[in-house]
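S.K.: Below: one structure in C-alpha cells.
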Amino acid sequence: MVISVMLTAIATSAIVLGCFGTASLHAQGSRAMAPSRMDGDWQNVDPNTRDLVEIVIKGVKIHPYGQCHPTVCDWGVIKAKSFASNVNSTDISRLLAKKHNDFDTVEITLSLEADGRLRAECFTHFIDQSGRADYSTVNYFNRGRRPYMPY
C-alpha cells in the first residue's frame, strides 16, 4: 500500500512538472500572435508569371498555387512560421514556409508592402543533381480570387 501511494505520488509529480512546467516555460518564451492582416486570397499582379499565381493565407497556413500548363499546380497547404515586427509585438509581419519536393526545396517569405500588396520572395534549391542553378524570385500579389475555370 505504501509503495503504491509513493508510486502514485511520483507519477503525479512527473505529470504535473512535465506538462505544466513545460507549458509555462513555453508560455513565457512566446506570445500569442494577433490575427494576420495577410489572411485572404491573393492573386499575382503579373498575369504572365511563370511563378506563383495565387496564395491563400489563413493564420500560419499558406496554400500556394504555381503556374503550370494547362492548369495551375496545387502546392498543398503548408504550415508557416510567423514573425512579429519586433520583440514586443504580437502582430504577424512575416511568414516563412518551406516546401519539400522530390526535386527541389522552396522557401517562401511573405510580407505586406506599404501599399497593401503581398510580397512573396521564393528561394529555390535543387536537390535532384540536375545541375540547375538555385535561384530566387520576388512576386507581388493583390487581394482577390482566381476566376473559376472548369478543369
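The values are calculated or read from the model by the stated rules, or taken from the named source; none is laboratory data. Note that the structure is a prediction, hence the values are computed from the model and not measured. Reconstructed Cβ throughout: ideal geometry from the backbone, glycine too, with neighbour counts over all protein chains shown.
S.K.: Does Ala80 count as surrounded by 10 or more Cβ atoms within 10 Å (Cβ to Cβ) and modelled with pLDDT of 95 or more? I'd like the intermediate steps shown before the answer.
M.R.: On the way: surrounded by 10 or more Cβ atoms within 10 Å (Cβ to Cβ): yes; modelled with pLDDT of 95 or more: yes.
The answer is yes for Ala80.
S.K.: When residues of the range 65-79 are filtered for being out of contact with any Lys or Arg (no Cβ under 7 Å at 6 or more places or on another chain) and part of a loop (DSSP other than H, G, I, E, B), how many remain? It would help to see each step written out before you state the result.
M.R.: Quick first cut of the range 65-79, residues out of contact with any Lys or Arg (no Cβ under 7 Å at 6 or more places or on another chain) only: 65-66, 68-74, 76.
Narrowing the set further to residues that are part of a loop (DSSP other than H, G, I, E, B) leaves 68-72, 76.
The number of residues fulfilling the criteria is 6.
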